[in-house]
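Encoded as structure tokens, the structure appears first; notes follow it.
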Amino acid sequence: MSPYHHGDLRRAILTAALDVIATDGPAALSLRDLARRAGVSHAAPAHHFRDRTGLLTAIAAEGFGLLAAATTEAVDLKDAGVRYVRFAREHPAHFQVMFTPGLLRTDDLELTTARALAGDALRTAVSQARPDADGPDARLTGIAAWSVAHGFATLLLSHNLDEVVGDRPPEDVFEALTGLLFRPA
């Protein structure tokens, strides 16, 4: 990677961090190493993120924002699930960090706002699929939908579905799976 000279240092650090996480996981992340990769002083990343937890929180917030954008456009609950799986496949580093609360400042405003937007998108898809479900039933329906999509995405990213998916697009396999589980009565 060529040294950083001008432009958006915050974005450069985020991009480098996502590369490290995708390759080696969040435990391998070091602000000092990211500064070296960007060709800036070891203190420069702290100006934008304060510390490693701040950087991981920013990654999670960005991820939830991307997830909200992806799922808000869903035409129905199945499409929301397909979009969730696609998001996980296209943004594996974000996905890994987003759902590891021990790495994050869970009370961070940017994070809580982005997480709420992503949750709203799922709740909207659930309410469109099950307009009769309200109260606790709607919440349980949302948890069931999230569990199926998140479980599939997690198994996919950890290569536990390689043989099943084969050369097919994972989103097609997920759609077929939901068709098997949720056939009309």
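The values are calculated or read from the model by the stated rules, or taken from the named source; none is laboratory data. Source: prediction; values computed, not measured. Glycine gets a Cβ as well: all are built from the backbone with ideal geometry, and neighbour counts include every protein chain shown. Just so you know, the surface numbers come from the protein's heavy atoms only, side chains and all, with ligands and any DNA or RNA stripped out. Shrake-Rupley method; radii C 1.70, N 1.55, O 1.52, S 1.80 Å.
The spacing between the range 25-81 and the range 135-166, judged by their C-alpha centroids, is 22 Å. Can you tell me how much longer the chain between TRP146 and ARG32 gets when fully stretched, taken as 0.36 nm per residue apart minus their C-alpha distance, in nm with one decimal? Roughly 37.4 nm would be gained on extension.
Can you classify the range 41-90 as rounded, prolate or oblate using the Cα gyration tensor, where a ≥ b ≥ c are the square roots of its eigenvalues, rounded means a/c under 1.5, and otherwise it's prolate if a/b beats b/c and oblate if not? Taking the square roots of the gyration eigenvalues as a ≥ b ≥ c, the range 41-90 is prolate. Which one, (i) 9, 33, 31, 18, 7, 1, 0; (ii) 8, 34, 40, 17, 1; (iii) 9, 35, 35, 17, 5, 0, gives P(r) over Cα pairs in 10 Å bins from 0, in percent as derived from the coordinates shown? Answer label, from the structure shown: (i).
Rounded to the nearest 10 degrees, the angle from helix 109-129 to the longest Cα principal axis of the chain is 20 degrees.
Where a ≥ b ≥ c are the square roots of the eigenvalues of the C-alpha gyration tensor, would you call the range 75-122 rounded, which needs a/c under 1.5, or, failing that, prolate if a/b is larger than b/c, or oblate?
Oblate.
If you roll a 1.4 Å probe over the chain with all protein chains in place, what percent of the accessible area is carbon or sulfur? The computed percentage sits at 56. Just checking the listed ones, GLU90, GLU62, GLU171: in the Gaussian network model of the chain with Cα springs under 10 Å, the one fluctuating most is GLU90.
Would you mind getting the accessible area per residue of the chain, heavy atoms of the protein chains only, 1.4 Å probe, in Å²? Intermediate results must be reported in sequence, preceding the final value.
Details: 10410 Å² over 185 residues.
Using a 1.4 Å probe on heavy atoms only, each residue of the chain averages 56 Å².
I need the shape label for the range 80-170. Rule: rounded when a/c is under 1.5, else prolate if a/b > b/c, else oblate, with a, b, c from the alpha carbon gyration tensor. Oblate, because a/c is 1.5 or more while a/b does not exceed b/c.
Excluding ARG10 itself, calculate the net charge of residues whose Cβ lies under 13 Å from the Cβ of ARG10, where each Lys or Arg counts +1 and each Asp or Glu counts -1.
Details: positive: ARG11, ARG50; negative: ASP8, GLU62, GLU110.
Combined, the nearby Lys, Arg, Asp and Glu give -1.
The long axis of helix 170-181 is offset from the longest Cα principal axis of the chain by roughly 30 degrees. Between the helical axis of 9-24 and the longest alpha-carbon principal axis of the chain there is an angle of about 60 degrees.
What is the local net charge at THR23, summed over the other residues whose Cβ is closer than 15 Å to its Cβ (Lys, Arg +1; Asp, Glu -1)? Walk me through the intermediate numbers first.
Working: positive: ARG37; negative: ASP19, ASP24, ASP33.
Local net charge: -2.
Between PHE49, LEU14, LEU122, the Cα set farthest toward the positive side of the dipole of the chain (charges on each charged residue's Cβ, about the Cα centre) is that of PHE49.
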